[in-house]
């Protein structure tokens, strides 16, 4: 993929709306690039509730966030669009008859139309102050900050490093699945907890160390085997561990809408029924858009993505049929 290769549509944001937009665009035989700032696709579903059941997706009586994201990634890969992670778009500039997207790494991405599916920004999970002082930086970078792929914790020893209620949520969810769960909290108590949370934790098999500090990671052949901590008495405790989860709150990296020159209203992109932004050739869908009657649901993002892609297609080539049924497109 050359830096100056021109794509028909570039979609910024790889959450559920962006993933479906990428799939639908490739289904319409468009040349597509999908750009995601996180190291995983799935957006808020991946980051905040992969373990929870979702009940308002058509065709699914219920579906976990984890399963939904995996199914969507499988769907989008049907036509193999270019999919980038860990890529932050800094600027979008109109150059002649196309757009040039410049990313934080200095790369340029050339496209005929853009679909924004970013949300208000990307959330980065915070880590404890001494995190960078721990050994094995490659392993540290791979530590999970959500419960995607939770099957891997089955029968394993899991250490949760966190200072807030999320530790209890994860611990209780893994109860009966993981071999053992241990919480390491640097504070005297977990933040944002209710009395009933503490009661549930105390009634579980989870072991919790408060006022404890992680001092060392033991990694053998890229596999975690133990986590060493200093407990509230200053004693070193070695915890057996196959996996580690970490969550110390979130920091928002705001989407640079000002640099993209799209009109906003209270932080949302103003669109009408065609999902067009104030910049011709740039369309938007998902949580980032605002219009009369807007609902912030996953399913809403799908219909907005379809409209945005069809309108982008029409922008690129006014002669195309705006809407085609999949039964026609895949007719044998």
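Odds and ends about this structure:
- Check on residue 252, at pLDDT below 95 and touching a strand residue (DSSP E or B) at 6+ places or on another chain (Cβ under 9 Å): yes
- Residue 148, sole failed condition from (1) over 15 Å from the mean Cα position of the chain (by Cα); (2) in the same structural domain as residue 203 (by TED's automatic domain parsing); (3) outside any strand (DSSP E or B): (1)
- The residues on offer are 56, 39, 96, 105, and the sole one that is surrounded by fewer than 15 Cβ atoms within 10 Å (Cβ to Cβ) and at positive phi is 96.
- Taking the listed residues 303, 295, 307, the one that is assigned by TED's automatic domain parsing to the domain that holds residue 53, buried (at least 18 other Cβ atoms within 10 Å of the Cβ) and under 24 Å from the mean Cα position of the chain (by Cα) is 307, with no other qualifying.
- Residues satisfying the stated conditions in the range 46-79, i.e. free of Cβ contacts under 8 Å to residues at least 12 places away in the same chain and in a loop (DSSP other than H, G, I, E, B): 55, 59, 60, 61, 62
- Flag for residue 134 being in the same structural domain as residue 19 (by TED's automatic domain parsing) and either surrounded by 14 or more Cβ atoms within 10 Å (Cβ to Cβ) or modelled with pLDDT of 95 or more (or both): no
- Residue within the range 270-279 that is at pLDDT 95 or above, surrounded by fewer than 16 Cβ atoms within 10 Å (Cβ to Cβ) and not in a helix (DSSP H, G or I) present: yes
- No other residue among 254, 263, 284 is out of contact with any helix residue (DSSP H, G or I) (no Cβ under 8 Å at 6 or more places or on another chain), touching a residue at least 60 places away in the same chain (Cβ under 8 Å) and closer than 16 Å to residue 118 by Cα apart from 254.
- Residues (free of Cβ contacts under 8 Å to residues at least 12 places away in the same chain and touching a helix residue (DSSP H, G or I) at 6+ places or on another chain (Cβ under 9 Å)) located in the range 301-320: 320
- Unmet criterion (only one of (1) part of a helix (DSSP H, G or I); (2) under 22 Å from the mean Cα position of the chain (by Cα)) for residue 283: (1)
- Total residues in the range 132-144, condition touching a strand residue (DSSP E or B) at 6+ places or on another chain (Cβ under 8 Å) and farther than 10 Å from residue 244 by Cβ: 3
- Residue that is surrounded by the fewest Cβ atoms within 10 Å (Cβ to Cβ) [pool: residues in the range 199-236 that are in a helix (DSSP H, G or I) and touching a helix residue (DSSP H, G or I) at 6+ places or on another chain (Cβ under 8 Å)]: 200
- Qualifying positions in the range 1-34 - in contact with a helix residue (DSSP H, G or I) (Cβ under 9 Å, 6 or more places away or on another chain) and farther than 18 Å from residue 304 by Cβ: 8, 29, 31, 33
- Verdict on residue 178 being over 22 Å from the mean Cα position of the chain (by Cα), in a loop (DSSP other than H, G, I, E, B) and within 28 Å of residue 38 (Cα to Cα): yes
- Those residues of the range 65-92 which are more than 13 Å from residue 148 (Cα to Cα) and either touching a strand residue (DSSP E or B) at 6+ places or on another chain (Cβ under 7 Å) or outside the structural domain of residue 16 (by TED's automatic domain parsing) (or both), in sequence order: 81, 82, 83, 84, 87, 88, 89, 90, 91, 92
- Residues being in contact with a helix residue (DSSP H, G or I) (Cβ under 9 Å, 6 or more places away or on another chain) and assigned to a helix (DSSP H, G or I) - total across the range 123-145: 3
- Test: residue in the range 202-211 that is more than 24 Å from the chain's Cα centre (by Cα) and in the same structural domain as residue 99 (by TED's automatic domain parsing): no
- Some residue of the range 66-84 being on the phi > 0 side of the Ramachandran plot and modelled with pLDDT of 95 or more: yes
The values are calculated or read from the model by the stated rules, or taken from the named source; none is laboratory data. Please read these numbers as outputs of a predicted model, since none were measured by experiment. Cβ sites come from the backbone with ideal geometry, for glycine too, and all protein chains shown count toward neighbours.
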